[in-house]
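Quick notes on the structure that follows.
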């Protein structure tokens, strides 16, 4: 395909994309296909000679679309939002064309420098403490990671390296293995898959800090755990605090394959922020404990973080000043298409030192000066795309007020759904509605709610996934799509009520 | 921005992309900017109210482009190729529009299933042993990772989990820490950053297997290392074999910031495949040793792998049948835009079990059946894009013959450059030219070649990076761009010769 054909096909694709997104409401949100549906529709080997573009675009409708779960349908209320906006898509086109690999400053200076500045922009939108910003001479700074899981892992590895070096300085004979055997990481929720994974990969123990009766994390519980473990000869070094969003607070442990579809059960281990979605004000309590004990504090607000650009939600982040690293995902709720996970650290040398065995390296590096950033030392992979273009396009084409309006609209829609649920005495709200998620259920046994969910997802008009809250099987209604409006929410609710009435009617028979 | 404006702006962007790539030859391949150039050109905070699209697109030319290293310029011969093609860009537009997160089968069945089938297509193009393919009932299969580094890390973690479980089965009292302390991973090249990092992250010892005088890896050297380590009470469990491509065979250890630009020194530790780029036929020797000793064999052909779709290069992969996992990057040399790193395993349960503490999990999973694939268990992050669309578009719009022709053209161009260098008695070729890389230098001291490189990169007409081979400072001429032609190679050579003449003239004065 030459440039001329790309001009033609590219414009056709722009129209296809616009048609798809404008018409997405009319598509069935969850597909009808069975596992293994696709293979018989596609030849077993690649063609020897080229197919035509018409062949492919026809096959997109025939083969791909019937198997797509339409995450951007206004009837998609499952999992969590994943960002999609036209400005981000335009930026991605440019990113693909430039196609540079920004592993070092020299490999494409604009790629590195725009990222640093965009992370400062975003940090200022969130009113992050100045220490997290790169600025002109700061020791901190931001980096785009692929996912919150990667950010957690990178933070844990940086903390592991830092504590190991510190101990080896005072006890030169100490081996890395001897240190690692004693390291303990803590999480506010043991079941969170990203922290569990990071601990597993990093080869360190991971312990949950028990929450109190109200599922809040208390400084006393953390202090107690630290004292107990230190007395047992262990070395506390890392504490991950997660803003919970049921699904994110959960491990996708098992699924049930029913006749027509698959859905997930999310196991929530009782912990802060799960009952009251995203409400979380314990950083101010546990932060000083971490600080005093020299424990690295990592704060992960993967979903909730976007809301903190609104002054009325910013208080939820109070205490972040005690953190060593902070992360959230603009690719969830800030209109920047996946992937764009924003991570900040107070000391960039903690990250850049994490992947090097030889501490001498750091002394030779110019990185301390803040003059040159080589992002390959901030992340797991070597290569990286020019992802900051997406942030630049989105922030400029929406403006801060536009982004705030977007967040507020979603929050307002979730409250609208909450209001509707509360009008119906057969239903109950299971968790305080703070941001864009409503956890609700039919009063009564779990089996009734399982049956309701099965009816909902079998009908295919809307898509939901469940979670468990305190042994209750709960339906999650997440405001996801960029184009979801009050009308969709009300239609969804009428649909759910109708299915509930059928179900309760059938129960009586 | 609504759909109508996206239709208009999207089409403008298609033209911008086509204009950029058609006119890229006229742009200076390496930028003139100094570190820190960008920040003063951009406001310190995001705008409160939206900017216009015209503002942004103007700023792309004013602010971004002056700082871009143009990886797709036909005068870019640095680092390694990174793929770029129009079909991949079209697929990426579609990927952005669908915008699904394919962490599980149900989260978007088409996203998962197309990936499985495309990895089979690609595996068949490479004539991979059937055991690596998913097929309808295979135990193996492929997955798209973000980078070769991630693939290496995932393989190492899978191997670590596998050996730990095996040992814990026979010695139930054994702790994970006790096992990890004794684990040893081996690499054919100790300095390779991705293996070094994987070992560091995984908390295991990493040792280099010494190569013989011809930089070839012998089974005897591996067997000797294994015997010695086992006798010392250690547990060999993982061996990473890397197809070397200087840069990939190297750690970007240090850089020098000169007045006008930054370049890298690549430290190559003598090992197989470095002198004779990508030539490597030792898998047949070391494979059986790994097999006999129960050591996981991971083969990484990040750059070279693409060439194996040509029958005349396929013999370089002989012995892959002994590997447990194999990886290469279509995003380097197979026209699939970054990121797309292709990884196969013979037993998918080895991967899916690697990130789970609880082996019982596997028993509950349907994954063994091959019916349902949940790719989140195959990788480090949770989220993932619909990257297989790029493979599908590229493979179909080029056809296998088109892809083979593309590889062959690059190999032919590198031989053409080699031929030109060999005509000039002032120069020497430093390594056998097998695929798309020529390592060459001026005869004489390293300082002369450093000076030559500085002249080349200061002139900004072409872009090269150096490497070290056997203590020699060597210039790397990598065939990179999709649009590079014989004329560009010849112009580059005349340019280099001219600068060499100036340099040698100045030396005489």
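Please treat every number below as a calculation from the coordinates, not as lab data. Being a predicted model, the structure only gives us computed values, none of them experimental. Using ideal geometry, Cβ is built from the backbone for each residue, glycine included, and neighbour counts are taken over all protein chains shown.
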Task: Antiparallel DSSP beta bridges within the protein assembly as shown, percent to nearest 5 - done: 60 percent
Open item on the list: At a 10 Å Cβ-Cβ cut-off, how would you order B:196, B:502, fewest neighbours first?
Closed with: B:502, B:196
Open item on the list: Quick check on the exposure proxy: order A:350, A:300 from fewest to most C-beta atoms within 10 angstrom.
Closed with: A:350, A:300
Open item on the list: Once the label point is set 7 Å along the Cα-to-beta-carbon vector, what list of distances in nm do you get between residue A:508 and its counterparts in the other copies?
Closed with: 10.7
- [ ] May I ask for the equivalent-ellipsoid semi-axes of region A:71-151, computed as the square root of five times each C-alpha gyration tensor eigenvalue and listed largest first in whole Å?
- [x] 26, 20, 12
- [ ] Return the tail of the calculated pair distribution for region B:29-168, meaning the percent of Cα-Cα pairs more than 18 Å apart.
- [x] 77 percent
Task: Rounded to 5, the percent of DSSP beta bridges in chain B classed as antiparallel - done: 60 percent
- [ ] Taking every pair of Cα atoms in the protein assembly as shown, average 1/r, invert it to obtain the Kirkwood radius, and report Rg/Rh to two decimals.
- [x] 0.95
Task: region A:282-326: C-alpha pair distances exceeding 14 Å, % - done: 47 percent
- [ ] Compute the label-point distances linking residue A:497 to its equivalents in the other copies; points lie 7 Å from Cα along Cα→Cβ; give nm, one decimal, shortest first.
- [x] 8.4
Open item on the list: Normalised radius of gyration for region A:9-68, please: alpha carbon Rg relative to 2.2 N^0.38 Å, two decimal places.
Closed with: 1.30
TODO: Provide the descending list of Cα extents for chain A along its principal axes, expressed in whole angstroms.
DONE: 72, 64, 47
Open item on the list: Treating region B:86-133 as a set of equal point scatterers at the Cα positions, no solvent, please give the Debye-formula log₁₀ I(q)/I(0) at q = 0.16, 0.19, 0.24 Å⁻¹.
Closed with: -0.58, -0.75, -0.91
TODO: Highest first, please rank the peptides B:29-35, A:341-347, B:125-131 by the mean number of other Cβ atoms sitting within 10 Å of their residues.
DONE: A:341-347, B:29-35, B:125-131
Task: Packing rank of B:322-328, A:15-21, where each peptide gets the mean count of other beta carbons within 10 Å, highest leading - done: B:322-328, A:15-21
Task: Relative contact order (percent, whole number), chain A, Cα cutoff 8 Å, 6+ residue spacing - done: 22 percent
TODO: Calculate the length of the line joining the C-alpha centroid of region A:334-351 to that of region A:387-417, in whole Å.
DONE: 18 Å
Task: Exercise: per-residue mean of other protein chain Cβ atoms within 10 Å, A:394-406 - done: 4
- [ ] Quick one: order A:161, B:170 by neighbouring beta-carbon count within 10 Å, fewest to most.
- [x] B:170, A:161
Task: Label spacing, shortest first and in nm, from residue A:219 to its equivalents in the remaining copies (7 angstrom along Cα→Cβ) - done: 6.6
Task: For region A:429-499, alpha-carbon Rg relative to the globular expectation (2.2 N^0.38 Å, N residues) - done: 1.08
Task: Length-normalised contact order for region A:58-142 - Cα pairs under 8 Å, 6+ apart - percent - done: 13 percent
Open item on the list: Kirkwood Rh over alpha-carbon pairs of region B:99-211, then Stokes-Einstein at 37 °C and 0.692 mPa s: what D in µm² s⁻¹, rounded to an integer?
Closed with: 198 µm²/s
